[in-house]
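Following: one structure in structure tokens, then a few remarks.
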């Protein structure tokens with residue numbers, strides 16, 4: 001594969017445009033010797049002279065005219081492409097692709113989505129709600145939402161919530177029929193609905209704090225699901241006890257459609273973060289979105305940098 005001497009082409013086109021090596025040097029902001037050196041290097045690479053130089057003028061050779069005819073429009077296309085790419089980074093219109101668990105969507109994005117779209121009508125949000133641990137670079141996302149203990153090393157992360165409180169919960173009809181567990185070990189006598197992590201293909205551990213010690217209870221599982229929304233629906237339908245982030249079901253708890261159990265024993269979880277690769281730091285669409293989310297919460301979230 002032949003590597004195109006693009007810096008030499010830049011000099012060649014400047015000489016043609018300005019009419020002399022000295023004028024091309026001024027236009028490029030370099031010394032005349034540098035222009036002469038780069039032109040000679042280009043001619044050596046191509047194996048042909050591009051100009052006929054006299055004390056009074058500089059004229060294109062036939063090879064130079066051939067190069068000019070092909071290189072000038074192509075080089076302009078490259079410049080236009082570079083400028084277009086730079087414009088994307090600072091644009092306030094376009095598509096922002098984000099991936100997040102359904103719980104993050106419900107807790108963080110959904111409550112303020114209408115306001116964001118009113119403020120920034122030129123930004124189209126392309127949202128994927130997935131429980132998988134998505135490789136955002138490989139799958140073409142600009143950013144993602146993830147709990148703090150699941151962040152990928154090396155990413156830029158912005159905290160959007162405080163520590164999250166989970167809960168174990170059931171429907172009133174289930175508790176009326178089967179009783180209310182008073183201690184984590186009581187789960188051994190209940191029907192339990194468990195979540196299977198899609199990426200790791202393992203069932204979620206149920207952890208508790210008992211007498212200051214962390215314990216795991218391998219609750220008897222009558223139903224396994226790989227989507228948290230499906231888990232919550234199964235609980236609503238009275239099939240057993242399960243686990244959720246409490247804010248996700250807060251409205252149903254307040255309305256009495258669901259009830260929590262074992263509250264004194266639950267283990268808090270890390271906050272939700274929005275994370276993105278370093279190369280997206282200057283993306284204006286992402287900056288606007290993050291700053292908006294931060295403005296909607298209290299606490300010590302770190303602003304976009």
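The values are calculated or read from the model by the stated rules, or taken from the named source; none is laboratory data. Here the structure is a predicted model, which is why all the values come from computation and not from measurement. Because the Cβ atoms are built from the backbone with ideal geometry, glycine has one as well, and the counts that use them run over all protein chains shown.
Observations on the model:
- The one condition in (1) on the phi < 0 side of the Ramachandran plot; (2) out of contact with any strand residue (DSSP E or B) (no Cβ under 9 Å at 6 or more places or on another chain) that residue 211 fails to fulfil: (1)
- Scanning the range 264-287 for residues that are closer than 18 Å to residue 161 by Cα and out of contact with any helix residue (DSSP H, G or I) (no Cβ under 7 Å at 6 or more places or on another chain) yields 267, 268, 269, 275, 287.
- Screening residue 256 against (1) touching a helix residue (DSSP H, G or I) at 6+ places or on another chain (Cβ under 8 Å); (2) at negative phi; (3) assigned to a loop (DSSP other than H, G, I, E, B) leaves a single unmet condition, (2).
- Scanning the range 102-148 for residues that are assigned to a loop (DSSP other than H, G, I, E, B), in contact with a strand residue (DSSP E or B) (Cβ under 7 Å, 6 or more places away or on another chain) and closer than 21 Å to residue 165 by Cα gives a single hit, 130.
- Selection of the range 41-57 for residues being within 53 Å of the chain's Cα centre (by Cα) and assigned to a strand (DSSP E or B) yields only 51.
- When residue 172 is tested against (1) more than 22 Å from residue 233 (Cα to Cα); (2) modelled with pLDDT of 95 or more; (3) touching a strand residue (DSSP E or B) at 6+ places or on another chain (Cβ under 8 Å); (4) loosely packed, with under 15 Cβ neighbours inside 10 Å, exactly one condition is not met: (1).
- In the range 180-193, residue farthest from residue 238 (Cα to Cα) [restricted to those that are out of contact with any helix residue (DSSP H, G or I) (no Cβ under 8 Å at 6 or more places or on another chain) and outside any loop (DSSP other than H, G, I, E, B)]: 185
- Qualifying position, being assigned by TED's automatic domain parsing to the domain that holds residue 111 and in a helix (DSSP H, G or I), among 279, 176: 279
- Hey, residue 85 under 30 Å from residue 135 (Cα atoms) and modelled with pLDDT under 80 or not: yes
- Any hit, the range 200-211, residues being within 27 Å of the chain's Cα centre (by Cα), over 24 Å from residue 185 (Cβ atoms) and either at pLDDT below 95 or not in a loop (DSSP other than H, G, I, E, B) (or both): yes
- Condition check for residue 142: without any contact (Cβ under 8 Å) to a residue 60 or more places away in the chain and in contact with a helix residue (DSSP H, G or I) (Cβ under 9 Å, 6 or more places away or on another chain): no
- Any hit, the range 214-224, residues being more than 24 Å from residue 106 (Cβ to Cβ), without any contact (Cβ under 8 Å) to a residue 24 or more places away in the chain, over 34 Å from the mean Cα position of the chain (by Cα) and not assigned by TED's automatic domain parsing to the domain that holds residue 129: yes
- Residue match in the range 227-242 (condition: surrounded by 15 or more Cβ atoms within 10 Å (Cβ to Cβ), more than 34 Å from the chain's Cα centre (by Cα) and assigned to a helix (DSSP H, G or I)): no
- Extreme residue, surrounded by the fewest Cβ atoms within 10 Å (Cβ to Cβ), among residues of the range 15-40 that are outside any helix (DSSP H, G or I) and either within 43 Å of the chain's Cα centre (by Cα) or not assigned by TED's automatic domain parsing to the domain that holds residue 56 (or both): 29
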